[in-house]
Amino acid sequence: MSDQIAPQPGIMDIALYVSGESGIAGRSDVLKLSSNENPYGFSDHAREAFQRAVTNLHRYPNTDHAPLRRAIGEIHGLDPDRIICGVGSDEVLQFIAQAYAGPGDEVITTAHGFSMYPILARAVGAVPVTVDETERRVDVDKILAAVTERTRIVFIANPANPTGTMVDEADLSRLATALEGRAFLVHDGAYAEFVEGFDGGAGLVEAHPNVIMTRTFSKIHGLGGLRIGWGYARREVIDVLNRLRQPFNLSEPQMAAAEAAVRDVAFTRRCRQENARWRDWLRNALVQMGVGCDESHANFVLARFADADEAATVDAALKAEGIIVRRVGGYGFPEALRITVGDESACRRVIHVIGQQKGVR
């Protein structure tokens, strides 16, 4: 290829995203706790809707996602005209970066934030600026200290991945207020449904014109394999993002399954309750064994061991028992393992293995 044809600035600086492991060589009986998937699967109503929709695979899907947006609006009490749907919330985050950042701009992320954020910044030629956290929590004052005249977007996951910690509404409101007229605050609520009574950032959107909320069907709704997400913002912001969206970005089976999933509030409630129950049990068991573990508000816990060697030893022991968890050295935690909260059997298996390594009976 000619030397004159080259990728746009920033693209070759992107470190490829690495997903959680999904298999162990030589084993078919793997317990996968590396990707924060729902151990209870997905709604039966979503399955039935998906199966009905596949009879029309020869038809193009609708381009405005109106039935899905209407369902999301009804369940969450939001204006459907201010909702955008994407191929996972990742695509909505990509639209935001494309629309509001570019060469010479800065995009703020935090030290242990979702690894896609700096990728999205570099993809549009912007500079990712990493801000330290305080004891594994997003620190609004440190973010504000890093804001410059070139700051265009601040990405925050709340609850955060991989820490599971949260920022309170007062701090988020203070941050949004300070950024008004200067930059967007993107509130990534991928794990919002795991927090009882939490609106995922919708109130912030209503109070501040520069806040964009994103959500996903991949976590509590158990539809990670279908890749469906959505965003919510002021109408003028959604109008901008829709200009970047491919008209047929979601298929009819995707939209049908997602609509049924969001309407099955009983399934969502049961998953939230079971997750909270076993998340607390898992964390308490780890703490009692001397493993560092902050209170988590998501569907995983971050288990912190003495050092990277101990984390590697525990990881190997879990794999030997057919259990896959997530090493998170790339997130700044070489001494930690992120463990998805499974069902009762899964949680007890994890603690049994770690207990053997810690000499706990």
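Rule-based calculations on the coordinates, nothing more; no lab input. All figures in this text were calculated on a predicted structure; none of them were measured in a lab. Neighbour counts run over all protein chains shown; Cβ positions are idealised from the backbone, glycine included.
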Do you know which residues across region 43-61 are part of a helix (DSSP H, G or I) and either among the hydrophobic types (A, V, I, L, M, F, W, C) or surrounded by 13 or more Cβ atoms within 10 Å (Cβ to Cβ) (or both)? 45, 46, 47, 48, 49, 50, 52, 53, 54, 56
Restricting attention to region 62-75, does a residue exist that is of a type in the set (S, T, N, Q), part of a helix (DSSP H, G or I) and exposed (fewer than 15 other Cβ atoms within 10 Å of the Cβ)? no
Quick check on region 251-265. Is at least one of its residues part of a loop (DSSP other than H, G, I, E, B) and either touching a strand residue (DSSP E or B) at 6+ places or on another chain (Cβ under 8 Å) or of a type in the set (S, T, N, Q) (or both)? yes
Scanning region 306-361 for residues that are outside any helix (DSSP H, G or I) and among the basic types (Lys, Arg), which turns out nearest to residue 27 (Cα to Cα)? 326
Report the residue count in region 266-294 for those that are in a loop (DSSP other than H, G, I, E, B) and either more than 17 Å from residue 337 (Cβ to Cβ) or of a type in the set (A, V, I, L, M) (or both). 2
Residue list for region 223-250, restricted to those being of a type in the set (Gly, Ala, Ser) and touching a helix residue (DSSP H, G or I) at 6+ places or on another chain (Cβ under 8 Å): 229, 231, 233
Residue satisfying all of: in region 244-274; touching a residue at least 40 places away in the same chain (Cβ under 8 Å) and of a type in the set (D, E, K, R); nearest to residue 44 (Cα to Cα) among these: 264
